[in-house]
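Step one of this worksheet: look at the structure below.
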Amino acid sequence: LAEWAFWLLLACALAGPRLPLESRSDQPQQQTKHDVDVMVVLDVSPSMAAADLAPSRLLRAKLKLQDLMARWHGERIGLIAYSGEAGLLLPLTRDTGAFIPSLEFATEALFEDRGSHLAAALNLALKNLGHAQRSRAVLLVTDAETSSLSGEAGNAAIAAARALKGAGVSLYVLVSASEPGATLTLNDAPISSQPDLAGYRALTEISGGTVAMLSDNDSD
């Protein structure tokens, strides 16, 4: 009951009055608009607390997503967060003013189940991506932690990527981690966390997407 109440309050908070992008007087009119639906899927699992990207992988990911807002040209965007489970924080909208506040709610504390249930997040993204007549894509922002693609979790993620391909949706991955990885403390024990770049490249290739490493400049 408490969990349902939280999601209801979150929806109400994000549903306040918004000013459409086209009518904001402090921003120039966009002459070219991209008729694309993009669902941003943000990893908030425990390993995203690692500090190999300062101040943490998660905070750097959020800062990069905020920077990307200036590059939107009329796309409909949404936001899903996931750890051991996944939740929709923002349905598809052209109101970029709603996106940044929704990022503030994207924390590990949202979910009781810890872990990295990538397949659940990708399946939820596909469910909420709207009409097949529109161009659609998933932007997965994650540390690409090696364990997230191991065993049954990896098989489920591959199946979810194939479902995206079958629906004509491309999967793109922005890796918020350093290639050497980092050591962090979980449950009072040191844990080594490294990105599985090869595994995530293979995952994106299923649907024709790509992988990029998060950078301080625009090279990503």
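The values are calculated or read from the model by the stated rules, or taken from the named source; none is laboratory data. In this text, all values refer to a predicted model and were calculated from it rather than measured experimentally. Positions of Cβ are backbone-derived with ideal geometry, glycine not excepted, and every protein chain shown enters the neighbour counts. All accessible areas refer to the heavy atoms of the entire protein, side chains included, with ligands and DNA or RNA removed. Shrake-Rupley method; radii C 1.70, N 1.55, O 1.52, S 1.80 Å.
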query: If a residue has to be in contact (Cβ under 8 Å) with a residue 60 or more places away in the chain, acidic (D, E) and open to solvent by 50 Å² or more (accessible area, probe 1.4 Å) to count, how many in the range 50-94 make the cut?
result: 0
task: Sort out which residues of the range 31-49 are closer than 16 Å to L139 by Cα and surrounded by 15 or more Cβ atoms within 10 Å (Cβ to Cβ), and write them in order of number.
output: V36, D37, V38, M39, V40, V41, L42, D43, V44
query: Which of the residues that make up the range 98-110 are in contact with a helix residue (DSSP H, G or I) (Cβ under 9 Å, 6 or more places away or on another chain) and either closer than 22 Å to A153 by Cα or open to solvent by less than 30 Å² (accessible area, probe 1.4 Å) (or both)?
result: A98, F99, S102, L103, A106, T107, E108, L110
task: Name the one entry in S135, S148, S116 that is open to solvent by 40 Å² or more (accessible area, probe 1.4 Å) and touching a residue at least 40 places away in the same chain (Cβ under 8 Å).
output: S135
message: Any residue that is of a type in the set (G, A, S), at pLDDT 95 or above and within 15 Å of the chain's Cα centre (by Cα) - is there at least one of those in the range 178-187?
response: no
query: What are the pairs, 6+ residues apart or on separate chains, where a residue within the range 204-220 that is closer than 19 Å to A159 by Cβ has its Cβ under 6 Å from a residue that is of a type outside the set (K, R) and open to solvent by 40 Å² or more (accessible area, probe 1.4 Å)?
result: T204/T210; G209/Y172
From the options L88, L124, L92, residue that is modelled with pLDDT of 95 or more, touching a Gly at 6+ places or on another chain (Cβ under 9 Å) and within 20 Å of G208 (Cα to Cα): L124
task: Inspect the range 187-197 for any residue being among the hydrophobic types (A, V, I, L, M, F, W, C) and surrounded by 17 or more Cβ atoms within 10 Å (Cβ to Cβ) and give the result as yes or no.
output: no
- line: Only one of Y172, Y200 is touching a Gly at 6+ places or on another chain (Cβ under 6 Å) and crowded, with 16+ Cβ neighbours inside 10 Å, namely Y172
